[in-house]
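Here is the structure we will look at.
All of the numbers you see were taken from the coordinates with simple rules; none came from a lab. In this text, all values refer to a predicted model and were calculated from it rather than measured experimentally. Every residue, glycine as well, gets a Cβ built from its backbone with ideal geometry; the counts of neighbours run over all protein chains shown.
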Amino acid sequence: MIYFWSILIYLLILIGVGAVRSRRVKTQTDFMVAGRKLSAPVLVGTLLATWIGSGSIIASAGLSFRKGFSALWFDAGVWVAIIVLYFIAGRARKLAQFTVPDILEIRYNKYARILGSLTTIIAYTAIVSYQFKAGGMVLNMVIGIPVGQGIILTAVFVIAYTALAGMISVAYTDVVNGVVLLLGFIIGLPFLLKLAGGWGNITATLPPDRFQILGTMTIWEALGYSLPTMLLLLGESNMYQRFFSAKDEKAAKASVVGWISGTIFVETLIVVLAIIGSSIFLDINPESVILHSVRHGLTPVIGCVLLAAIVAVIVSTADSFLLVPSTNIMRDIYQRFINPNVSQKKMVLYSRLVVIALGIIAFIQVKFFTTVLAMALYAYTMYGVGVTPATLAAFFWKRATPTGGVCSIASGMVTTIAWELLKKPFNVPTVYPALILSVSSLIIISLLTPKPKEEKLRPFFPA
């Protein structure tokens with residue numbers, strides 16, 4: 001029970017921070033982008049804690065259990081994406097918007113905003129869904145309650161916490177969660193290594209392919225893991241929302257440098273820990289290898305702290321991905337098309353109600369996928385091929401037209417859904433046909449339609 005109480009106390013502290021911060025939420029700017037006051041160090045913490053969620057601790061770790069170091073292909077796409085985002089962060093902050101669909105309408109038209117919002121809502125509720133599942137797995141591991149009940153408890157906490165104070169509480173608690181998680185993994189590594197009998201014993205226990213770059217995968221299979229994560233992050237609304245929350249362009253750009261360093265280190269560390277765990281605990285669910293290693297391979301003190309931090313990071317990722325689609329609905333649909341003159345007080349109230357509704361939708365989706373990895377790849381692909389090509393073109397390609405942008409988003413979204421419903425014909429990963437159609441639609445239709453007007457280009461390509 002010591003593990004349970006450690007997690008509970010840690011989460012109660014987060015609720016306390018959220019309650020205090022909620023007093024500062026007066027406007028939609030406070031709720032959605034933290035009043036645009038975040039410094040570079042805070043941005044690094046919140047960017048890192050938002051990305052390192054159950055996609056890394058559960059899905060990537062499970063892949064590492066089965067594939068060894070070749071699982072780093074799942075993470076490598078992220079590293080490439082962050083490097084590209086360095087050149088976008090300052091420009092995004094200069095636009096001073098709230099959401100990626102804001103960018104899409106400025107660069108293209110209102111239909112791009114609507115389709116971008118719809119794609120985000122579908123993908124992000126799926127991501128929230130598997131954070132709920134991961135929380136249920138942790139609670140099952142710690143106190144033995146059924147995973148289903150653990151999912152319900154996680155969902156209730158995440159929804160309540162997100163609705164309480166929005167971005168202004170999420171960002172600051174992210175910093176603490178990130179530091180605790182990082183220190184816990186670093187401290188825990190030598191203990192697990194000793195339990196495994198040293199690195200020499202690990203290499204003798206596991207098959208040689210676990211230590212190869214591709215392992216048992218082909219290059220196309222490896223890219224099938226890399227591309228969805230890369231494409232998601234290149235257009236990822238959470239990251240842009242963090243850039244919009246920066247106090248200035250310099251802080252937004254500087255935060256990316258710390259983010260790429262931290263992400264490479266933490267994700268590699270997770271893979272190493274999963275490989276060590278796979279050599280110790282042979283007959284377990286692969287996706288629980290990190291949780292199992294922490295619970296049964298470390299001392300109670302370190303295990304308690306690290307499990308609490310893992311839960312907190314899962315919560316952090318869930319509330320971040322829940323906040324974005326609620327912002328899309330309120331900012332990009334309700335305020336833009338239904339009630340442009342809505343008061344700030346009502347915007348905050350309605351945003352909280354939308355968070356609750358989307359949280360329930362995310363909870364319903366849990367039963368549709370068997371593994372966290374499958375849910376992650378679907379959600380990453382949906383957003384990555386639907387929104388990312390048009391978003392990147394907004395910043396880097398002057399010839400991209402409104403019609404081309406809209407067709408790109410629509411074709412990426414529709415192809416992803418259709419390919420998944422058809423159970424991936426010929427065993428081809430969804431990302432390939434969806435990406436080809438999205439990018440080709442963007443390029444071909446843009447070249448066949450009139451060039452965009454100067455006022456559409458000016459915010460993105462200043463003279």
>> Using a 7 Å offset from the Cα along the Cα-to-Cβ direction at both VAL428 and ARG458, what is the distance between the two label points in nm, to one decimal?
In response: 4.4 nm
> Hey, which aspartates and glutamates would be in cross-link range of LYS456, C-alpha to C-alpha under 12 Å, not counting anything within fewer than 8 residues on its own chain?
Replying inline: GLU105
> Taking the Cα centre of the chain as the origin and placing charges on Cβ (Lys, Arg +1; Asp, Glu -1), which of VAL78, ILE58, ILE361 is farthest toward the positive end of the dipole?
Replying inline: ILE361
> Rounded to whole Å and sorted largest first, what semi-axes of the equivalent ellipsoid does the C-alpha gyration tensor of the chain yield via the square root of 5 times each eigenvalue?
Replying inline: 35, 26, 19
> Of ILE275, ILE436, how do they rank once you tally other Cβ atoms within 10 Å and put the fewest first?
Replying inline: ILE436, ILE275
> In the structure displayed, which of LYS110/LYS451; LYS345/LYS453; LYS133/LYS250; LYS67/LYS194 lie more than 26 Å apart, Cα to Cα?
Replying inline: LYS345/LYS453; LYS133/LYS250
> Once label points are set 7 Å from the Cα along Cα→Cβ at both VAL414 and SER261, what is their separation, rounded to one decimal in nm?
Replying inline: 4.7 nm
>> Shape verdict for the range 170-297, please, from the Cα gyration tensor: rounded (a/c under 1.5), prolate (a/b greater than b/c) or oblate.
In response: oblate
>> Run the simple label-point estimate for TRP199 and LEU8 please: 7 Å along Cα→C-beta, distance reported in nm.
In response: 4.2 nm
>> Suppose we look only past 21 Å in the calculated P(r) of the range 59-177. What percent of the Cα-Cα pairs does that tail hold?
In response: 63 percent
> Taking each full run of DSSP H in the chain as one helix, which ones are at least 18 Å long along their axis (Cα atoms) and have mean Kyte-Doolittle hydropathy of at least 1.0?
Replying inline: 2-22, 72-95, 147-165, 167-195, 219-234, 249-280, 300-327, 344-365, 372-386, 431-448
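Using the number of other C-beta atoms within 10 angstrom as an exposure proxy, rank TRP5, TRP79, TRP220, TRP419 with the fewest first.
With the fewest neighbours first, TRP5, TRP79, TRP220, TRP419 line up as TRP220, TRP5, TRP79, TRP419.
Give me MET137, MET382, MET217 sorted ascending by neighbouring Cβ count inside 10 Å, so fewest comes first. Walk me through the numbers before you get to the answer.
On the way: MET137 23, MET382 29, MET217 18.
By the 10 Å Cβ count, ascending, the order reads MET217, MET137, MET382.
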> Rounded if a/c is under 1.5, else prolate if a/b beats b/c, else oblate: with a ≥ b ≥ c from the C-alpha gyration tensor eigenvalues square-rooted, which is the range 392-446?
Replying inline: prolate
